[in-house]
Amino acid sequence: MGTMLKPANNRFFIGDQEMYNLNELAMEHCPMGIVVVSFQGEILFANTHARMLFAPEHAPHQDQSHLLKQVFDPFQLPVRVVKKTGQPVFGVEKHLEGQDGRRLILSINASPILENGQNPWAMTATLEDITERKFADEDREQMVKERTEQSRQMEELNSALRVLLAQREQDKEEFEAKIISNLHSLVLPYLAKLSDSPMVGEQRMFLKVALANLTDIFSSFSSTMAAKTYNFTPREIQVASLVRQGKTNKGIAELLRLSVRSVETHRRAIRKKLGLTGKNQNLRSYLSSLK
């Protein structure tokens, strides 16, 4: 090929033949596919990279330049547009398949080659393999779609749970209202009539306690006393309820068939669980304040 760079007057210049050879060398070894194609779809030139684009994975250096014709169909992009407009086109994507079934995605830029600077008769094109990049983009898009779908499903699930919880609360309130209504219409009137009938002192006391306890059952007091926060035993709940009604230790002992000492023990346990031990706090007043 001869010497390409020739010094002259401390400058370097390249002769015509050397420039031609240099251009050919640069195109041949360019890390991107370069193709010259006629507007009839005939491949006039293809560099090494372009010829190897369709090579199967088991033979990466196998010349597959004949497959370039499917890229440059004269009736499709980019040949058709460049021929019609005489203008370059950029970023044309081609989705192809190699002989081994391998999927290939190319990005093509193409410019017309003009005859006498006016009439386009062919075009030059660059081909870039963007398969891995597109796959990565597709994976990211799929991941975003999946996360969006998961978020949507979670929101729907949360909405459904909120509806169920609201419905459960409404059902609970309706059930409680129905029980209270039945208590007032079907139970308390008969107990009131019973209290007007002749009874001995102890019987009247038991009836009074029963009425008070029924009222407590359907108030928040019993639920509060039975809550895990306090961890009261059933007997302690009975004693606390009677203390709240103003019963003395002796009266509680008679009603529950306990000794006064046992009632006092229960009262101390109740004060301890309420955090009142060692405090000058009236137990009845405190219990009455609980809701």
Next on the checklist: Just to confirm my filter: which strands (runs of 3 or more DSSP E) fall fully inside segment 79-168 and include at least 2 residues that are without any contact (Cβ under 8 Å) to a residue 12 or more places away in the chain and closer than 19 Å to His49 by Cα?
Outcome noted: 89-97
Checklist entry - Taking Glu115, is it more than 24 Å from Ala26 (Cα to Cα) and among the acidic types (Asp, Glu)? => result no
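Results for (1) closer than 21 Å to Phe206 by Cα; (2) modelled with pLDDT of 85 or more, shown as yes or no for each residue.
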residue: Val239; (1), (2): yes, yes
residue: Lys247; (1), (2): yes, yes
residue: Leu255; (1), (2): yes, no
residue: Lys291; (1), (2): no, no
Next on the checklist: Among the residues of segment 178-187, are any assigned to a helix (DSSP H, G or I), at pLDDT 90 or above, surrounded by 10 or more Cβ atoms within 10 Å (Cβ to Cβ) and β-branched (Val, Ile, Thr)?
Outcome noted: no
Checklist outcome for this item: Lys83 vs (1) modelled with pLDDT of 90 or more; (2) of a type outside the set (Ser, Thr, Tyr); (3) touching a helix residue (DSSP H, G or I) at 6+ places or on another chain (Cβ under 7 Å): all pass except (3)
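The values are calculated or read from the model by the stated rules, or taken from the named source; none is laboratory data. Computed from a prediction, not measured in an experiment: that's the story for all the values here. Neighbour counts run over all protein chains shown; Cβ positions are idealised from the backbone, glycine included.
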